[in-house]
Amino acid sequence: MTDSLTAVLPVFLVILIGLGLKKARWVPDAFWAPAESLTYTVTFPALLVANLARADMTTVAWAPLMTVQALAVLIVAGAAVAARRPLSARLGLDPAAFSSVFQSLIRPNTYVGLAVAAALYGEMGVTLTAICVAVVVPLVNVLSVSCLAWLGRGQSASALGIARGIATNPLILACLLGIGLNVSGLGLPPVIGPTLDILGRAALPVALLAVGAGLSFHHLRQAFAPVVTASAIKLAGLPVLVWGGCLMAGLDGPTSAVAVLYAGLPCSASSYVLARRMGGDAPLMAGLITAQTLASVVTVSVLAWFGG
């Protein structure tokens, strides 16, 4: 347990430093949005491309791993939609609020996941997490946008719009490029590889600081029951589901551990942006993100301990 905590807690300490910098106003508020945009569009994709292009894919059970992750997300999403009416009545959710809860059940904070996987398993952890990203990110985007188009206030989304958003997602494009360079045998050119390495080293610190700066305690207090219910499902229920899938698929220990950790990540900050743009309950979304991020300090540490 001590080794797992030693590896995991610095990740969350950086998040708390980001929160402290925001609260103390040591860093201007105008810094955070461009920093997060730079991470999303440049440094984080650079990290994914460099790692996937160099990975030894022959040693990775990528197909079963992707299948387990996708099926787990679909099961949780399908169960949530099937139980929408009784769940909404019990938790006092209107359609827009349910769409925010729905996002919180399936969308992972990949920044936190990569940092934890790198700390625990090194380059192999980053590779396995990137494979999870390649299947989960497009899937949860389709599901989330579809749910908001259905339930969001005054919003609609066409199939073409959903497809365009996925096709231009920098993380998805980076995964495809990295895998393409790998399987084609081209790899990374001498100059391009080191350049991507330099950019990639900036990705996780800035991303984690931005995660902390985005936490909102004001919204956390406004909807206790939905926050607790959704957080329990996302941080405990989904990892258990993925763990069962890994057992059935016969995945090895490290692969299963990374898969379970990825499933147990808190909801991503991008969920708030999507909720705000497509008529979801943005304040509730902010509370869900904050609660899951704080609770994941404990839950991710426990998952890392079991995986170790």
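Observations
- Rg/Rg_globular for the chain, with Rg_globular taken as 2.2 N^0.38 Å and Rg from C-alpha atoms: 0.95
- Cα-based Rg and Dmax for the stretch 19-113, where Dmax is the largest Cα-Cα distance (Å): 19.1, 50
- Isotropically averaged projected area of the stretch 107-249, using the convex hull of Cα atoms (one quarter of hull area), nm²: 11.8
- Calculated P(r) tail over 17 Å for the stretch 99-151, as whole % of Cα pairs: 43
- Helical segments meeting 18 Å axial Cα length and Kyte-Doolittle 0.5 threshold in the chain (DSSP H): 2-24, 62-82, 110-151, 170-183, 282-307
- Kirkwood radius and radius of gyration were both taken over the C-alpha atoms of the stretch 251-308, and their ratio Rg/Rh is 1.13.
- With R₀ set to 35 Å, the beta-carbon distance separating L9 from R164 gives a calculated FRET efficiency near 0.30.
The numbers here are math on the coordinates, done by the rules we state, and not lab data. Just so it is clear, the model here is predicted, and its values are computed rather than measured. FYI the Cβ positions are ideal-geometry reconstructions off the backbone, even for glycines, and counts take in every protein chain you see.
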